Amino acid sequence: MALLQFRAPVNYEDHQAAFEDFLQTFKTSPKDGLSGALSDMNIDEDDFSDEYDFMDDDDEEGNARREARSQAKVPKLKYKDLLQKIADRYEEEITIDLDDLAKYDELLEENGTPMNLVESIEANAKHYLDIFAKAVDAAMPDPTREINFKDDVLDVLMSQRTARNNALLRAAAEQTDPTVEPELFPAELTRRYTLNFKPRTRGDEPVKALAVRQVRGEHLGHLITVRGITTRVSDVKPTVEVNAYTCDRCGCEIFQPVGSKTFGPLIECPSADCKTNQTKGQLFHSTRASKFQAFQEVKIQEMAEQVPVGHIPRMLTILCHGALVRKINPGDVVDVAGIFLPTPYTGFKAIRAGLLTDTYLEAQHVTQHKKAYEDLAIDNRVFKRIEQYRASGHVYEYLAKSIAPEIYGHLDVKKALLLLLVGGVTKQMGDGMKIRGDINICLMGDPGVAKSQLLKYITKVAPRGVYTTGRGSSGVGLTAAVMKDPVTDEMILEGGALVLADNGICCIDEFDKMDDSDRTAIHEVMEQQTISISKAGISTTLNARTSILAAANPLYGRYNPRISPVENINLPAALLSRFDVLFLILDTPTRDTDALLARHVTYVHMNNKHPDTDGVVFSPHEVRQYVAQARTFRPIVPTAVSEYMVKAYVKMREQQSRDEKNKKQFAHTSPRTLLGILRLAQALARLRFSEEVVQDDVDEALRLIEASKESLHQDQGNYGRDMSPSSRIYNLVRALAESGQCRPEDADEDEDEAGGMELSMRKVEERVIAKGFTRDQWQTAVMEYTNLDIWQTAGNGTRLIFIVSDAVDIARDAEYDME
């Protein structure tokens, strides 16, 4: 019984001819007048830009510039120009935009010959890749650039094969016997390009991507787009496209195109000479004459929001060839357009699987969702809007309030998180020593102060953000695991959360719940920013240039004021010293704050948005754009600011020794603390788009470190103490003086030690007013404590000098003893 035959519903020859015409005739629309790309402003139009000079009339450069502008307004043959570059060996990739083909389809329909080319490609993409490749071969122009000694060996081979094919075709055209076909090289051997389809878009937005579990059997052979997060990326390996053999008897070259995962090598020579002589010549594999293609296997997993309740995420295998390799990295969120195809199991898997087949996606186009900062294209409209607010001088506060605006308060915490996104400058010494620029922050506080929500938001804003929890992570899961590669069966390393967050931020929630053995795995990452592995015969070092943002609870769940802060924190000193800022956030009941918090929470629940604030709130996309621009600066520290930081560090060490005596120690002040202040100051300079750190940046960095302990001081019972505005202002000023902040720029350390601590009146007044006090309260406090001989003003009221006397020291020690 003969097999059933089904006539193809379309004429493939007509479609191939249409593709050839499309490649030769399709023109792009002329460019818009927005060459400046600044919102709605028209730049460089009609020769009225700043670059135009009337003296250029006789200048060749001016004429060339005007000619280039006029050429930009002329429609261009997009694909014909691209084919010429391919022929001249300048390009190696042809991406057919289906939006362009859809416009060509509309023209055909207007002319009365509808072909539905785009629908045909989307329904049978694998077959149409071959048809389009034949159309490209037919439309390929002659090269205008000759082969020379500088070209690659493969280019020389391909040019020789193409010339040989052309000679055989000319000889066949002159022959009278039509039955004799010329023995041409396979088309795959003469192609030096990869052909891919770019899916259609709807307006400016791409077609909605499918989740992995939404891919069905009806999509087999179709061009579809799937969204997921990359979990595993294999090494790039060559895969054979055309196998070449040489016969030892007749000397013929035999070529075997390979179109599947497995193939059987040829053994006997199938040439006409060997068949006529019945010699059965033996074939030897010729690697040099074969053609290989770059190949990479990628595994993507469903996004967390795509997984239904009670299910586990599904995975999909993606095969990348040619120009699409190395486009995807582990941890990337991608939309992959490709052809959904079945593939039979091979080897022992085929015995177990029986009639089952595996499925994969042959990648055609990759869209990155969260690009790295250096790859992020600056949106000029967003940047113009931010620049408008930057001129006001309040962009630091506006950006800080834009971080998780649905969460009430925590302004200093949000400022620190903003500096975490910006980061400091990583320094590489001449001898190879590296000083990290990434900032590490730990948020420790009572339950219900929105620590986890802040971590989730930072993961969303950062281009590479990985969120994990302490109990759900092991040391291996954070660093790297040794696994067997499913493709080659070799032992490979698979990166954990810290490796996936390379050049990004790793957020670790429930940090205090981690086992000590697992927590020690991140010690090396936090300072050296590498992971050293010696497992299963693999000894290597992986990069983990990531910022750590950790959230933890105190020892007994809530902060216990009856024991010291160090006992409450309950983290090893070696780990604490690696955090640049350790915020202690306590949930202390106060009537006014609790009422404001409750109103804020209920407003968010009722309106599904944050309440309107005094300033402006930027979207996460705008924050990411600003941070990307800020990270392009590399600020340096001048000598005067360096000396100021040294004095501030010495004051902090003195404050620590006093705190140790009175059992009020919060954290150890070590040289790492000085580096932390330096990183925070550099991040503040980057936010100002400055190449130099100023003293105000150092003051703000010191203030943030002091603010991290603020809730601790608020919680220590203030019963029986004078809480008048003047006393509170004095305590604030004394804390500033002891931490070395707000010092005059020309202050001398020796004078401070001899005659008391000297402060800049202007800077202190700004700090006091920023804390909510009025100018009258500040002036009253200055007068009261001047009359008590605690301090005095100098320099026409520009400086505030503490008077060091035995009475002051005795009073201070007595106060510490009472506490």
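The values are calculated or read from the model by the stated rules, or taken from the named source; none is laboratory data. This structure is a prediction, so every number in the text was calculated from the model and none was measured. All Cβ positions, glycine included, derive from the backbone under ideal geometry; neighbour counts span all protein chains shown. Side chains are part of the model used for accessible areas, which takes the heavy atoms of the whole protein and leaves out ligands, DNA and RNA. Shrake-Rupley method; radii C 1.70, N 1.55, O 1.52, S 1.80 Å.
A residue that is open to solvent by 30 Å² or more (accessible area, probe 1.4 Å), assigned to a helix (DSSP H, G or I) and among the acidic types (Asp, Glu) occurs somewhere in region 585-592. On the basis of being open to solvent by less than 80 Å² (accessible area, probe 1.4 Å), at pLDDT below 75 and β-branched (Val, Ile, Thr), does Thr346 make the cut? In short, yes.
Inclusion of Asp659 among residues that are part of a helix (DSSP H, G or I) and either open to solvent by less than 20 Å² (accessible area, probe 1.4 Å) or modelled with pLDDT of 85 or more (or both) is not warranted.
Out of the residues in region 491-531 meeting the condition of being polar (S, T, N, Q) and modelled with pLDDT under 80, tell me which one is surrounded by the fewest Cβ atoms within 10 Å (Cβ to Cβ). Out of the qualifying residues, it is Ser517.
Just the residues that are touching a residue at least 60 places away in the same chain (Cβ under 8 Å), open to solvent by 20 Å² or more (accessible area, probe 1.4 Å) and out of contact with any helix residue (DSSP H, G or I) (no Cβ under 9 Å at 6 or more places or on another chain), please, taken from region 420-450. Of everything in region 420-450, those that are touching a residue at least 60 places away in the same chain (Cβ under 8 Å), open to solvent by 20 Å² or more (accessible area, probe 1.4 Å) and out of contact with any helix residue (DSSP H, G or I) (no Cβ under 9 Å at 6 or more places or on another chain) turn out to be Thr426, Lys434, Pro447, Gly448. If the condition is being touching a Pro at 6+ places or on another chain (Cβ under 8 Å) and farther than 15 Å from Leu417 by Cα, then region 446-497 contributes Asp446, Gly495.
The set of residues in region 133-166 being modelled with pLDDT under 80 and hydroxyl-bearing (Ser, Thr, Tyr) consists of Ser159, Thr162.
Among Leu98, Leu23, which is in contact with a Lys or Arg (Cβ under 6 Å, 6 or more places away or on another chain), hydrophobic (A, V, I, L, M, F, W, C) and at pLDDT 85 or above?
On the way: Leu23 fails: in contact with a Lys or Arg (Cβ under 6 Å, 6 or more places away or on another chain).
It is Leu98.
If you go through region 192-230 and keep only what is part of a strand (DSSP E or B) and surrounded by fewer than 16 Cβ atoms within 10 Å (Cβ to Cβ), you end up with Thr201, Arg202, Glu205.
Here Tyr360 meets the list (1) of a type in the set (Ser, Thr, Tyr); (2) open to solvent by 60 Å² or more (accessible area, probe 1.4 Å); (3) touching a Phe, Trp or Tyr at 6+ places or on another chain (Cβ under 9 Å) almost entirely, failing just condition (2).
If you scan region 127-148, which residues turn out to be in a helix (DSSP H, G or I) and open to solvent by less than 80 Å² (accessible area, probe 1.4 Å)?
At the first step, the residues of region 127-148 found to be in a helix (DSSP H, G or I) are 127-139.
Correct list: His127, Tyr128, Leu129, Ile131, Phe132, Ala133, Ala135, Val136, Asp137, Ala138, Ala139.
Applying a threshold of 6 Å to beta carbon distances and a minimum spacing of six or more residues, or different chains, the list of pairs starting in region 516-527 at a residue that is within 22 Å of Ile435 (Cβ to Cβ) and ending at one that is open to solvent by 30 Å² or more (accessible area, probe 1.4 Å) and not in a helix (DSSP H, G or I) reads Met526/Arg578; Glu527/Arg578. Can you tell me which of Phe255, Phe263 is hydrophobic (A, V, I, L, M, F, W, C), open to solvent by 80 Å² or more (accessible area, probe 1.4 Å) and farther than 30 Å from Gly496 by Cα? After ruling out the rest, the residue left standing is Phe263. Summed over region 624-646, residues that are surrounded by fewer than 17 Cβ atoms within 10 Å (Cβ to Cβ), in a helix (DSSP H, G or I) and of a type outside the set (A, V, I, L, M, F, W, C) total 3. Residue count for region 421-443, restricted to those that are touching an Asp or Glu at 6+ places or on another chain (Cβ under 8 Å) and either assigned to a strand (DSSP E or B) or closer than 24 Å to Val566 by Cβ (or both): 3.
With respect to (1) loosely packed, with under 13 Cβ neighbours inside 10 Å; (2) over 28 Å from the mean Cα position of the chain (by Cα), the lone exception for Val566 is condition (1). Being assigned to a loop (DSSP other than H, G, I, E, B), closer than 23 Å to Ser670 by Cβ and open to solvent by 40 Å² or more (accessible area, probe 1.4 Å), is that true of even one residue in region 544-559? Scanning region 544-559 turns up at least one residue that is assigned to a loop (DSSP other than H, G, I, E, B), closer than 23 Å to Ser670 by Cβ and open to solvent by 40 Å² or more (accessible area, probe 1.4 Å).
Quick check: is even one residue across region 551-561 over 30 Å from Thr262 (Cα atoms) and within 24 Å of the chain's Cα centre (by Cα)? Yes. Quick check on Asn124: is it farther than 15 Å from Gly338 by Cα and out of contact with any helix residue (DSSP H, G or I) (no Cβ under 7 Å at 6 or more places or on another chain)? Criteria not met by Asn124.
Residue pairs whose Cβ atoms lie under 7 Å apart, sitting 6 or more positions apart in sequence or on different chains, and linking a residue in region 302-314 that is in contact (Cβ under 8 Å) with a residue 12 or more places away in the chain and assigned by the TED database to the domain that holds Thr231 to a partner that is of a type in the set (A, V, I, L, M, F, W, C) and in a loop (DSSP other than H, G, I, E, B), are Glu302/Ala211; Gln306/Ala211; Pro313/Val307. Applying the condition of being in contact (Cβ under 8 Å) with a residue 40 or more places away in the chain, open to solvent by 30 Å² or more (accessible area, probe 1.4 Å) and assigned to a loop (DSSP other than H, G, I, E, B) to region 382-406 and asking which residue is nearest to Glu706 (Cα to Cα) yields His394.
Residue count for region 73-99, restricted to those that are within 18 Å of Thr25 (Cβ to Cβ), acidic (Asp, Glu) and in contact with a strand residue (DSSP E or B) (Cβ under 7 Å, 6 or more places away or on another chain): 2.
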